[in-house]
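All remarks here apply to the structure that follows.
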Amino acid sequence: MVGFKATDVPPTATVKFLGAGTAACIADLITFPLDTAKVRLQIQGERQGPARAAASAQYRGVLGTILTMVRTEGPRSLYNGLVAGLQRQMSFASVRIGLYDSVKQFYTKGSEHAGIGSRLLAGSTTGALAVAVAQPTDVVKVRFQAQARAGSGRRYQSTVDAYKTIAREEGFQGLWKGTSPNVARNAIVNCAELVTYDLIKDALLKANLMTDDLPCHFTSAFGAGFCTTVIASPVDVVKTRYMNSAPGQYSSAGHCALTMLHKEGPRAFYKGFMPSFLRLGSWNVVMFVTYEQLKRALMAACTSREAPF
């Protein structure tokens, strides 16, 4: 596989911002069914104890969940909430990924040698900032993915209808439901994802095991996806449950977590782990490889346009 060669000119903040959002949308288009399967598995059994939930489980495993949804709701159900998902990525990833290097340089006062503390601080900052920008799109995406297409129990008919209905029935704060667990989740995810990618890539380059090209980007992204899934799964399940809950079902994200622990046991926090890993692993690979290539393509285009004739 041949990619764009690195240019001598480092990418600008604008190129990183636009490249990150575009790459994240491409990754979402490819991996969205896995994300939908993850959400269905995460909310399954939330109103039952562990024994009843296991006996009446509608979805079993990643492939089983996808096949069940296709059979009972049609193939389009796998892309429930895609519009909100793309809206989320264009605003969310642009901030948390596109601004990461700039914020990292801010914390290191422009030094090229960033320590792990500066990287973690930068990841937490951009992750939390991204939630502040994109939370309503995340709420709508989760609600759409959780609802079944079959039958008359659909909560929302379209993306616009979802925004309007949530605001009307739950108030403006309904669109910001789950902000606290989402800030926690995305600070953790961003640190695990970006810092791990950063560290693995730096280690591979410094050890001369790989050059700064596609194989290096692929390996770094895969490792980042696995580490992120292990670290972030518990808070991701709580976030999904709390965002999808009916008004008054849980008094807070902490109450949601305690209810899960009491009714379903500790294993509930890793529900949907395999689709989470498949989704995050594949999402990271597609996103980071695309992002690296987009940065180089955009900078090459800018350089050639500015070059004298």
Cross-chain or 6+ apart pairs with Cβ under 7 Å, region 275-304 first and closer than 23 Å to T65 by Cα, then at pLDDT below 90 and of a type in the set (K, R): P275/K38; S276/K38; R279/K38
Options V142, V133: the member that is touching a residue at least 40 places away in the same chain (Cβ under 8 Å), surrounded by 22 or more Cβ atoms within 10 Å (Cβ to Cβ) and either among the β-branched types (V, I, T) or part of a helix (DSSP H, G or I) (or both): V142
Residue count, region 201-232 (criterion: under 17 Å from L278 (Cβ atoms) and either open to solvent by 10 Å² or more (accessible area, probe 1.4 Å) or touching a strand residue (DSSP E or B) at 6+ places or on another chain (Cβ under 6 Å) (or both)): 7
Candidates G98, G45, G85 - the one that is at pLDDT below 75 and crowded, with 21+ Cβ neighbours inside 10 Å: G45
Residue within region 209-222 that is free of Cβ contacts under 8 Å to residues at least 24 places away in the same chain and closer than 27 Å to S124 by Cα present: yes
Of all residues in region 158-195 being in a helix (DSSP H, G or I) and of a type in the set (K, R), the one that is most open to solvent (accessible area, probe 1.4 Å): R168
Test: residue in region 242-264 that is of a type in the set (D, E, K, R), more than 29 Å from F222 (Cα to Cα) and surrounded by 19 or more Cβ atoms within 10 Å (Cβ to Cβ): yes
Boolean, G110 is among the small types (G, A, S) and part of a helix (DSSP H, G or I): no
Residue within region 219-232 that is in a helix (DSSP H, G or I) and within 12 Å of I43 (Cα to Cα) present: no
Odd one out for D198 among (1) at pLDDT 85 or above; (2) open to solvent by less than 10 Å² (accessible area, probe 1.4 Å): (2)
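The values are calculated or read from the model by the stated rules, or taken from the named source; none is laboratory data. What you are looking at is a predicted structure, and each value in this text was computed from that prediction instead of being measured. When we count neighbours, we look across all protein chains shown, and the Cβ atoms used for this are built from the backbone with ideal geometry, even at glycine. Each accessible area value is taken on the protein alone, full model and side chains, heavy atoms only, with ligands, DNA and RNA left out. Shrake-Rupley method; radii C 1.70, N 1.55, O 1.52, S 1.80 Å.
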